[in-house]
Amino acid sequence: MTYNDLERQSAPEKPCLVSTERGFSVSYKGRFLYSKYAPERAVLGMIDSVKILPGTLILAASPVLWLGLDSLLKKLPEDCFVLAFEYDEALHEFASEEFKKLHSKGLIPENLALLPFKFNDYLVNILNGDYSSEICLPHISTFRRSIFMEMSAGTWFHKDDYLKTASLAQNAIASFWKNRITLTRLGRLYSRNLFRNLAKLPKSIDFNDYAGKVEQPIFLFGAGESIEETLKHVPKSLIEKCFVLAVDAVVPALKAYGIRIDGVCAVEGQLAIEKAYIGADLEGVLLFADMTSRVQVTRHSKNVCYFSSEFTDAFFLKNLSEKDFFPLQIPPLGSVGLTSIYIALKLRSNQNVPVIFSGLDFSFSLGRTHTKNVPAHIARLCAAGRFLPIENYAASFKNGAKRFLGKNGIELFTDSALENYAKSFVDAFQNMPNLYDCGKQGFPLGVQQISSETLSAYLNTVKSSGKTEIYESKYLKGDIKINQLRAYFESEEKALNRIKELLMYGKEVGGCSISVEDELYALISKREYLFLHFPDGYKCNTKDLSFLKRVRGQIDFFLKDIKMGIKQLDC
């Protein structure tokens, strides 16, 4: 073997252009990436068979020679974008060179781009605008869906990576619109609850007083049916050796069993959750409340520990999070069950302290939705009659409901929302040290299972620690944090009054150094709570008269909450 032969073997193989009767193909790693006889035919056939709707992101995988590009671009309806990407570095370099040639000929339109190789694993970040300086994609709101198209056989070398990227892109677009629907319905409620709860911070307890302080086992209860089996086989006296943490909906059920509760997690911002607090008697119980939770709920306990979940990506939330008076921030987990788990893990003194949970089923059996004695069950009992049975069969057969086999092998029902919560749980907490699932039914959640018998045997070895000590609030009347909070309220009040003034009188009250339009944009864009609940609330379009009129309609609501907050601080 000659030196040249050895050099050819050691050098990495590169894509090679191959001439055929009907154009060029590419040979790479012993494969032809296009047909040897009619390279463009398969690509054109695929493009012709695909139905492309307006607002579609086309993920063009392994473009290589960019065959079929003209046909694809001619077929695109409005608001579509073609993003080509390549997972093989040699093929990416080859495609990039071809892309530059097409660009020099003026054949690359604005709705076509090649994803830089280093950003292959960050497509979701790019869609969310994190890398706008590197590659200019339209805002994610432009798209309603994505389509994956294999532009060559180059996808064969990294098949799983391509499919994963396509799935992530579709999920990112779907999540954006799901979040938009949620914010359209509840965005203003979340924002108003946030401002109302801000005024109650001085009389609350600092979460940091409890973070990492709980040394006994933590037992968390959700509102699923599996807690019935747990409470049947694990004695009350053993459960009360633990720090008992409950989601708010299950409080009446635990009270019915006579279980002493140490902490309650409150996330819900709507009126319906107040049914869970009727007769709850939370005197001496720690209430862990989200800043967006319903304000009236916090009146049930004098021991409120606030935390904040970032319910949307907004400047005003980031601005608040930098203030000294703002409470602990946690990831936006979406479900009170997931949030409770996160809080429980924050409370334990170290990873050796076990966190046991039951009732986080994310599913239900035929005719039931929750455990007994929770508000949903009590409401069904009250409404039952000749024409409405106690069993809630409608939940099992509604649109989106589906059957599956739970972790005990029994057929259960779930829906898309509950299934997504279960998947989020697995993503966030699987393989977490000393996190145990005591529930006998529901979704497998990727954590260690523990039987009631094993749990009882373990708790028998635990010393009883009695009631959790309640720490005094660190917020005092003359504290600097209260002054900062008052200053924040006053600055927001001033800004809202200025927006109101500009909208009412325009150029008559405009400043000299800045135009009315620019000042309005500067003020409104940093206060997304004024418009994030609009159907088009993902953008601050101050050039649209309809948008400005709607903003004007929101100002008085928030001014009222802010003035009330200042009044509460002065009391």
**Complete:** So the FRET efficiency between Phe404 and Val462, C-beta based with R0 = 35 Å and rounded to 0.05, is 0.50
**Request:** Let me know the charge dipole size of the stretch 25-135 about its Cα centre in debye, to the nearest 20, where only the beta-carbon of Lys, Arg (+1) and Asp, Glu (-1) is charged.
**Result:** 500
**Percent accessible area from carbon and sulfur atoms, the chain, protein chains only, probe 1.4 Å** = 52
**About the Cα centre, charge dipole magnitude for the chain (Lys/Arg +1, Asp/Glu -1 at Cβ), debye** = 1640
**Asked** Heavy-atom accessible area per residue, the stretch 258-396, 1.4 Å probe: how many Å²?
**Response** 41
**Asked** Residues with beta-carbon under 13 Å from that of Trp156, excluding Trp156: net charge, scoring Lys, Arg +1 and Asp, Glu -1?
**Response** -2
**Prompt:** Roughly speaking, what is the stretch gain from Asp121 to Val50, that is 0.36 nm per residue apart minus the C-alpha to C-alpha distance, in nm to one decimal?
**Reply:** 23.0 nm
**Item:** Unsatisfied cross-links (Cα-Cα over 30 Å) in the set Lys275/Lys560; Lys100/Lys539; Lys481/Lys526; Lys75/Lys402; Lys164/Lys372; Lys275/Lys526
**Value:** Lys100/Lys539; Lys75/Lys402; Lys164/Lys372; Lys275/Lys526
**Request:** Mind checking the full-extension length gain between Leu271 and Ile390? Use 0.36 nm per residue of separation minus the Cα-Cα distance, one decimal, nm.
**Result:** 40.5 nm
**Request:** Compute the accessible area per residue over the stretch 500-569, keeping the other protein chains in place, probe 1.4 Å, unit Å².
**Result:** 55
**Request:** Report, for the chain, the % of DSSP beta bridges that are antiparallel, rounded to 5.
**Result:** 20
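The values are calculated or read from the model by the stated rules, or taken from the named source; none is laboratory data. Quick caveat: nothing in here was measured; it's all calculated off a predicted structure. As a convention, Cβ positions derive from the backbone with ideal geometry for all residues, glycine included, and neighbour counts pool all protein chains shown. Note: accessible area is taken over every heavy atom of the protein model, side chains too, but ligands, DNA and RNA are not part of it. Shrake-Rupley method; radii C 1.70, N 1.55, O 1.52, S 1.80 Å.
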